[in-house]
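Peer 1: Sharing a structure, written as structure tokens. Questions coming.
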Amino acid sequence: MGETAGQPLDRILEAAVIVSWRDLVPNKEAALVHVEYDSDARGNVTFLRVWSSTVRGFWRLICTHSVSDSQNSRTRFAEGFASARLARIFEVAMQHQDVFRPPQNLGRQGLIQIAGPSGNELADAEVVIREAMNHVESGEPVVA
């Protein structure tokens, strides 16, 4: 993967969860969401898991997303969860990881923690996703 001046991939993953929050936490419950991801030595994310907690200490799997190669990427939702938007963003981001800056922890597991987003955080995440998708279509790096 070549170096780019792109948006960090973990920021794209965080924004994807935020813009999909209503699908993932539909009852407006107070929740915490974790995105765990595995990356290889080059910084490519190979597998991710999304978990939610509405009760302290109890975590439910929302979905997994696996990448077997740059053309084969798939999100699988656990029973009771679904988000076409999250699945689409994950698919596009994982297929075009070279457009984004790799995670800092190359070759190790990463963790992103997300609390219920405010209105401003949701608006910011919408902008991040829109810009990321526009840059994926153009093939240019997303400027941080």
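The values are calculated or read from the model by the stated rules, or taken from the named source; none is laboratory data. Model, not experiment: these values are computed from the prediction. No Cβ is skipped: glycine too gets one built from the backbone with ideal geometry, and neighbour counts run over all protein chains shown.
Peer 1: Please go through segment 123-144 and pick out each residue that is under 22 Å from L48 (Cα atoms) and either of a type in the set (A, V, I, L, M) or at pLDDT below 90 (or both).
Peer 2: Result: A125, V128, I129, A132, M133, V136, V142.
Peer 1: Just the residues that are modelled with pLDDT of 90 or more and among the aliphatic types (A, V, I, L, M), please, taken from segment 1-24.
Peer 2: Residues satisfying the conditions are L9, I12, L13, A15, A16, V17, I18, V19, L24.
Peer 1: Continuing with the same structure: Against the conditions (1) in contact with a strand residue (DSSP E or B) (Cβ under 6 Å, 6 or more places away or on another chain); (2) modelled with pLDDT of 90 or more; (3) hydroxyl-bearing (S, T, Y), where does T46 fall short? Just the number, please.
Peer 2: Every condition holds for T46 apart from (2).
Peer 1: Take the residues in segment 93-122 that are polar (S, T, N, Q) and under 26 Å from F47 (Cβ atoms); name whichever of them is modelled with the highest pLDDT.
Peer 2: Taking segment 93-122 as the starting set, the residues that turn out to be polar (S, T, N, Q) are 95, 97, 104-105, 109, 113, 118, 120.
If we keep only those that are under 26 Å from F47 (Cβ atoms) too, we end up with 95, 97, 104-105, 109, 113.
On the way: Q95: 88, Q97: 87, Q104: 74, N105: 68, Q109: 84, Q113: 95.
Looking at the filtered set, the residue picked out is Q113.
Peer 1: Could you please let me know if R60 is surrounded by 13 or more Cβ atoms within 10 Å (Cβ to Cβ) and either at positive phi or free of Cβ contacts under 8 Å to residues at least 12 places away in the same chain (or both)? Even if it seems obvious, please write down each step before you answer.
Peer 2: Values: surrounded by 13 or more Cβ atoms within 10 Å (Cβ to Cβ): yes; either at positive phi or free of Cβ contacts under 8 Å to residues at least 12 places away in the same chain (or both): no.
So R60 does not fit the description; no.
Peer 1: Report whether or not V127 is free of Cβ contacts under 8 Å to residues at least 60 places away in the same chain, exposed (fewer than 15 other Cβ atoms within 10 Å of the Cβ), in contact with a helix residue (DSSP H, G or I) (Cβ under 9 Å, 6 or more places away or on another chain) and assigned to a helix (DSSP H, G or I). Talk me through it step by step, then tell me what you get.
Peer 2: Details: free of Cβ contacts under 8 Å to residues at least 60 places away in the same chain: yes; exposed (fewer than 15 other Cβ atoms within 10 Å of the Cβ): yes; in contact with a helix residue (DSSP H, G or I) (Cβ under 9 Å, 6 or more places away or on another chain): yes; assigned to a helix (DSSP H, G or I): yes.
It is true that V127 is free of Cβ contacts under 8 Å to residues at least 60 places away in the same chain, exposed (fewer than 15 other Cβ atoms within 10 Å of the Cβ), in contact with a helix residue (DSSP H, G or I) (Cβ under 9 Å, 6 or more places away or on another chain) and assigned to a helix (DSSP H, G or I).
Peer 1: While we're on this one: In segment 74-88, which residues are touching a helix residue (DSSP H, G or I) at 6+ places or on another chain (Cβ under 9 Å) and either surrounded by 18 or more Cβ atoms within 10 Å (Cβ to Cβ) or not charged (D, E, K, R) (or both)?
Peer 2: Result: T75, F77, F81, A82, S83, A84, L86.
Every residue, every condition in (1) outside any loop (DSSP other than H, G, I, E, B); (2) under 25 Å from D124 (Cα atoms), yes or no:
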residue	(1), (2)
G6	no, yes
L13	yes, yes
I18	yes, yes
A41	no, no
R60	yes, no
I89	yes, yes
P103	no, yes
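Peer 1: Quick check, is V50 assigned to a strand (DSSP E or B), of a type in the set (V, I, T), surrounded by 15 or more Cβ atoms within 10 Å (Cβ to Cβ) and touching a residue at least 60 places away in the same chain (Cβ under 8 Å)?
Peer 2: Numbers: assigned to a strand (DSSP E or B): yes; of a type in the set (V, I, T): yes; surrounded by 15 or more Cβ atoms within 10 Å (Cβ to Cβ): yes; touching a residue at least 60 places away in the same chain (Cβ under 8 Å): no.
In short, no.
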